[in-house]
1. Residues in region 58-99, backbone N under 12 Å from the label point at Ile40 (7 Å along the Cα-to-beta-carbon vector): list them, ranges by number please.
2. If you take every DSSP beta bridge fully contained in the chain, what fraction is antiparallel? Give it as a percent rounded to 5.
3. Carbon and sulfur: what percent of the chain's accessible surface (1.4 Å probe)?
4. Over 28 Å between C-alpha atoms is what I'm after, so list which of Lys55/Lys124; Lys55/Lys189; Lys24/Lys124; Lys124/Lys189; Lys108/Lys200; Lys55/Lys200 land there.
5. What is the distance in Å between the Cα centroid of region 19-96 and that of region 120-165?
6. Across 10 Å bins from 0, what is the distribution of all Cα-Cα pair distances for region 131-208, in whole percents?
7. Report the FRET efficiency, 1/(1 + (r/R0)^6), for Leu56 and Asn138, where r is their Cβ-Cβ distance and R0 is 45 Å, rounded to 0.05.
8. Per DSSP H run of at least 4 residues, take -39500 (n - 2.57); add these up for the chain, divide by its residues and hand me the 222 nm value, nearest 500 deg cm²/dmol.
Amino acid sequence: SVNASNFAWGQECFIDELPHLAGKDPLQARLDIIKDDRFIKVLNMLAEKSNYYEKLPEGTGRGISIFNSFGSICACSITVSRSGAGVRFERVVSVIDCGQYVSADIVKAQTEGNIVMGISAAIKGGIIWKNGVCQQSNFNNYHVLRINETPEIEVHIIENGEAPGGVGESGLPPVAPALGNGIFAVTGKRIRNLPIDLQKLEFTPGFL
């Protein structure tokens, strides 16, 4: 999703930081400042489908983000729980408003793929250059999330008659910031750089 993913990472992690500093709920804080009805509907559906306001077990947190790219609005919620010296992600819920669409199955499939690629970009090794030469050539050395690593995924589509937007890339930008915000929710530490090593994270004593 080219620049959209980089922009979303910075924007949505920063926007998440402000409500925490103010002692406010991150989702409600977004609703308080957003005036666009389409964004509001996406966030409200995300809250409903992810059971956002349901109390989570100890050692478990949830991160959210929302971003508009390629003519579509997509929000993501990722549930994260402590696991040894790190964390694991358990459930991803995505809500997309892409306006009019032809096939719900295609919208969901593309968004599921975006979630897998978004998590992969956030936690895998990425692209490395040495002496001007790319070290990755194909999927044998550029690692993508495998099926046994993939969390439970739900995709929900907003129904409306708006102009059609894209679905090939729109579901990816909110993924990494939702994961980073979820990690903060269980560790009390903000992630500033990607990729993230989920097995080696700092924890704020007494945070949860």
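The values are calculated or read from the model by the stated rules, or taken from the named source; none is laboratory data. Fair warning: this is a prediction, and the values are worked out from it, not measured in the lab. Methodologically, a virtual Cβ is constructed for each residue, glycine included, from the backbone with ideal geometry; neighbour enumeration extends over all protein chains shown. The accessibility values were calculated without ligands, DNA or RNA, using every heavy atom of the protein model including side chains. Shrake-Rupley method; radii C 1.70, N 1.55, O 1.52, S 1.80 Å.
1. Correct set: none at all.
2. On the way: 23 of 29 bridges.
Antiparallel: roughly 80 percent of the beta bridges in the chain.
3. Working: 5640 of 10690 Å².
Carbon plus sulfur share of accessible area: 53 percent.
4. Details: Lys55/Lys124 30 Å; Lys55/Lys189 21 Å; Lys24/Lys124 32 Å; Lys124/Lys189 20 Å; Lys108/Lys200 32 Å; Lys55/Lys200 26 Å.
Pairs exceeding 28 Å: Lys55/Lys124; Lys24/Lys124; Lys108/Lys200.
5. Each part reduced to its Cα centre gives a spacing of 20 Å.
6. 12, 31, 33, 20, 5, 0
7. Numbers: r = 39 Å, r/R0 = 0.87.
With R0 = 45 Å, the Cβ-Cβ based efficiency is 0.70.
8. Numbers: 5 runs with 75 residues, N = 208.
My calculation for the chain gives -12000 deg cm²/dmol from helical runs alone.
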